[in-house]
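This report refers to the structure that appears directly beneath it.
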């Protein structure tokens, strides 16, 4: 199956290139396009592909069945609308869009085209997240009252965005900073576990000023329609990140500490929370690998285009809430 890479700006692009090189028996990347000629050339060389003279060459090539879009976020809408119009299956790196309006425009175009879609929310495949979702469905926690998820690293402190990935710390291009970049993964898990929200707010701040006015950390609050209160933390200025999930319910509790799950439930024998819970499902392949599997006709779980758009809408509302010091209802 022939694929094409349309945009190679995202920091995860090298990882996707490596995955593609491991599956050359199934897939060939025939063309690479990027507005940065040097970036296009280096990725084309790594994939044994040709450099597309322009992005239209990808849309017009009927042999290309699917496109991987890892462009800067402010370029997503134009690329996605054109790819969907050309009938190409789509992997679009997260977040789908900057604003709710452009994200929903993309999701509607994708759904109209009837193409396979996937985005990079790989945390869904983590065994602990899979287990917690199963236990929520089985009512092991009773009524869920609070859920906190965090995603933090030391990217600003380590200068990760000083050179090749500098655009990711420029809100005029990325649309977001650290809170949105890492927080979109935690937001996906929060929404995947508990469903839609009524309203949200946040406080989003700069710590070092290394990247000018780009935010480097933040905290969000979410009122879920199910009645639970959610909180979300994300940042590039954390020297440690020991606790990334806390869930409280009237009949159970879960805490993920240093990658280990401590699970308490009145409904599950042995779940006393005193030692790490290890009876977990197997991990799923990475979200990008699942997309490749779906292209081959395999029945695998994917993130829907409307789901991806809703996450962009909620993140847009979080940033709006931070800017206006108010609670905001996301567009749905």
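Please treat every number below as a calculation from the coordinates, not as lab data. Worth saying up front: this structure is predicted, and the values here are computed from it rather than measured. Ideal geometry is used to build each Cβ from the backbone, glycine not excepted, and the neighbour counts take in all protein chains shown.
In the P(r) worked out for region 238-332, what percent of Cα pairs fall beyond 15 Å? The proportion of pairs with Cα distances above 15 Å equals 76 percent. Maximal additional length on extending the residue 19-residue 331 stretch stands at 108.8 nm, based on 0.36 nm per residue less the C-alpha distance. Counting every C-alpha pair in region 1-151, the share spaced more than 20 angstrom apart comes to 54%. For region 249-295, the mean projected area of the C-alpha convex hull, equal to one quarter of the hull surface, is 4.8 nm². The orientation-averaged shadow of the Cα convex hull for the chain, equal to a quarter of the hull surface, comes to 16.6 nm². For residue 225 and residue 279, what does the FRET efficiency come to when R0 = 35 Å and r is the distance between their Cβ atoms, rounded to the nearest 0.05? Taking R0 as 35 Å, the efficiency between residue 225 and residue 279 is 0.70. Restricting the calculation to Cα atoms, region 1-54 shows an Rg/Rh of 0.93 when the hydrodynamic-style radius is the Kirkwood one.
Averaged over residues, the count of other Cβ atoms within 10 Å places the peptides 93-99, 216-222, 226-232 in the sequence 93-99, 216-222, 226-232, highest first. When only Cα pairs below 8 angstrom with a gap of at least 6 residues are kept, region 2-119 shows a relative contact order of 26 percent. Cα centroid separation, region 35-79 to region 282-315: 21 Å. Restricting attention to the chain, close to 55% of DSSP beta bridges with both partner residues there are antiparallel. Where the centroid of each part is defined by its Cα atoms, how far is region 190-220 from region 1-30 in Å? If we compute the Cα centre of each part, the gap is 31 Å. Diffusion of region 127-282 by Stokes-Einstein, at 10 °C in a medium of 1.306 mPa s and with Rh set to the Kirkwood radius over alpha-carbon pairs, works out to 96 µm²/s.
Mean residue ellipticity, 222 nm, helices only, the chain: the sum of -39500 (n - 2.57) across DSSP H runs of n ≥ 4, divided by residue count and rounded to 500, is -10000 deg cm²/dmol.
The simple spin-label model puts a point 7 Å past each Cα toward its Cβ; for residue 240 and residue 324 those points are separated by 3.9 nm. Label-to-label distance for residue 45 and residue 139 is 6.2 nm, based on points extended 7 Å past Cα in the beta-carbon direction.
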